[in-house]
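The values are calculated or read from the model by the stated rules, or taken from the named source; none is laboratory data. From a predicted model like this one, the values you see are computed outputs, not experimental measurements. Cβ sites come from the backbone with ideal geometry, for glycine too, and all protein chains shown count toward neighbours. Note: areas computed on protein heavy atoms with side chains; ligands, DNA, RNA excluded. Shrake-Rupley method; radii C 1.70, N 1.55, O 1.52, S 1.80 Å.
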Amino acid sequence: MDPAGKRAVVLGGTSGIGLAAARQLHDAGAEVIALSRSASNAASAREVLGQEADIRQLDVLDRDAMAATFAELAPFDILVNAATGGGRARGPFLEMDLDGYQGSFAKLWGYANSVRLGTPHLSQEGCIVLVSGFPARKCPPGYAAISSVGGAVEAFCRAVAIEIMPRRINLVSPGVIDTPMFAAQGKEREQLLEQATQNHLIKRAGTVDEVAQGILFVIRNDFVTGTTVDVDGGALLP
Ligand SMILES: NC(=O)c1ccc[n+]([C@@H]2O[C@H](COP(=O)([O-])OP(=O)(O)OC[C@H]3O[C@@H](n4cnc5c(N)ncnc54)[C@H](OP(=O)(O)O)[C@@H]3O)[C@@H](O)[C@H]2O)c1
């Protein structure tokens with residue numbers, strides 16, 4: 001698929017990986033609609049996508065609002081969902097607040113909502129891209145919740161790939177990526193990213209553009225569906 005002239009809906013498209021995907025799709029000639037919850041992210045996304053960019057407010061957990069928004073935007077050809085969905089529980093599972101564990105699945109519910117409600121509006125040659133993460137297959141200490149969600153997202157992608165044909169769906173699975181998801185700043189941020197990647201083959205955090213290139217790859221390649229593309233600096237191997 002050539003993104004030029006296609007309509008692309010990017011959920012979580014106002015920050016980090018989603019914003020980079022929105023920008024690369026825009027640069028490739030797609031008509032991009034970026035969506036997320038907060039006005040402040042919308043404002044900073046306009047700095048990147050341009051003041052005229054179509055940026056809308058939507059919570060991926062609000063099914064009624066999503067159904068209405070998709071009906072308004074339909075038909076579309078590309079649906080990217082990079083929304084984190086909500087909070088994520090960290091720490092040892094045996095000490096974890098189980099509501100926090102359960103709440104970490106907000107990402108899966110947001111993805112499920114968008115595939116269920118978005119597919120009927122997607123063109124027959126259209127495609128969906130979701131964003132997973134390396135802990136799905138290699139869980140660092142304290143990442144039991146995130147790993148569980150990632151595993152579920154991977155299984156979900158393969159399961160629905162069969163149902164939505166001829167439309168395609170793929171996952172891009174990042175390693176540690178330097179995005180606003182990490183709140184720390186300055187020296188503390190540098191140390192955190194350095195520590196998190198010290199056992200990876202490529203010992204640095206990835207950039208949002210490196211991950212967005214993976215997203216653009218699975219959009220462009222019509223022979224790829226139901227799979228996961230790892231853009232993770234070799235995080236899975238050591
Ligand atoms: N950064 C990493 O190291 C890393 C590693 C592996 C996987 N990932 C995955 O990559 C994806 C993108 O992460 P990121 O690092 O780019 O995060 P980010 O910079 O924090 O961006 C997250 C985006 O999701 C939106 N969002 C969150 N909850 C939402 C909701 N309920 N409804 C609508 N939009 C929502 C946010 O906007 P609002 O807050 O305005 O809604 C924002 O636009 C996530 O699925 C994350 O789990 C990231």
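Amide H to amide H distances under 5 Å link residue 173 with 132, 229, 230, 231, where only residues 5 or more positions off or on other chains count and H is placed in the peptide plane. Specify the angular offset, from 0 to 90 degrees and rounded to the nearest 10, of the alpha carbon long axis of helix 144-164 from the longest principal axis of the alpha carbons in the chain. Once rounded, the angle reads 30 degrees. Each Lys and Arg Cβ is given +1 and each Asp and Glu Cβ -1; about its Cα centre, the stretch 1-151 then shows a dipole of about 400 debye. Residues 94, 11, ordered by accessible area of protein heavy atoms at a 1.4 angstrom probe radius and largest first, appear as 94, 11. If a/c stays under 1.5 just call it rounded; otherwise compare a/b with b/c (prolate if a/b is bigger, oblate if not). Do that for the stretch 1-113, with a ≥ b ≥ c from the square roots of the Cα gyration tensor eigenvalues. Prolate is the answer for the stretch 1-113, as a/c is 1.5 or above and a/b outweighs b/c. Note on the stretch 131-238: with charges restricted to the Cβ of Lys and Arg (+1) and Asp and Glu (-1), its dipole about the Cα centre is near 160 debye. Rounded, prolate or oblate: which one fits the stretch 165-207, using the alpha carbon gyration tensor with axes a ≥ b ≥ c (rounded when a/c is under 1.5, else prolate when a/b beats b/c, else oblate)? Note, shape of the stretch 165-207 comes out oblate.
Of the residues 40, 68, 57, the one whose Cα sits farthest toward the positive end of the charge dipole of the stretch 30-72, with +1 on the Cβ of Lys and Arg and -1 on the Cβ of Asp and Glu, is 40. Two numbers describe the Cα atoms of the chain: Rg and Dmax, which are 17.0, 50 Å. Between the helical axis of 208-220 and the longest alpha-carbon principal axis of the chain there is an angle of about 40 degrees.
Protection proxy ranking, highest mean first, for peptides 67-78, 37-48: 67-78, 37-48, where packing is the per-residue count of other beta-carbon atoms within 10 Å, averaged. The amide H of residue 56, built 1.01 Å from its N in the peptide plane, has 34, 35, 36 as neighbours under 5 Å, considering only residues 5 or more places off or on other chains.
Give, in nm to one decimal, the length gained when the segment between residue 67 and residue 165 is fully stretched (0.36 nm per residue of separation minus the Cα-Cα distance).
Answer, rounded to one decimal: 33.2 nm.
Ordering 61, 171 by accessible surface, largest first, gives 61, 171; the 1.4 Å probe counts only protein heavy atoms, with every chain in place.
Is the stretch 199-238 best put as rounded, prolate or oblate by its Cα gyration tensor, with a ≥ b ≥ c the root eigenvalues, rounded for a/c under 1.5, and otherwise prolate when a/b is larger than b/c, oblate when not? The shape class here is oblate. From a point 7 Å beyond the Cα of residue 123 in the direction of its Cβ, which residues of the stretch 182-225 have a backbone N at a distance under 15 Å? Output list for this probe position: 219-222.
Of the two radii for the stretch 122-175, the radius of gyration is 1.08 times the Kirkwood radius, both from the alpha carbons; that is the Rg over Rh value. Of the residues 145, 223, 12, the one whose Cα sits farthest toward the positive end of the charge dipole of the chain, with +1 on the Cβ of Lys and Arg and -1 on the Cβ of Asp and Glu, is 145. About its Cα centre, the dipole of the stretch 18-76 is roughly 140 debye, where the only charges are +1 on Lys and Arg Cβ and -1 on Asp and Glu Cβ. Using only the alpha-carbon atoms, how far is helix 16-27 inclined from the longest principal axis of the chain? Give it as 0 to 90 degrees, nearest 10. Result, in degrees: 30. Amide H to amide H, with H built 1.01 Å from N, residue 7 comes under 5 Å of 31, 77, 78, counting only residues 5 or more places away or on other chains.
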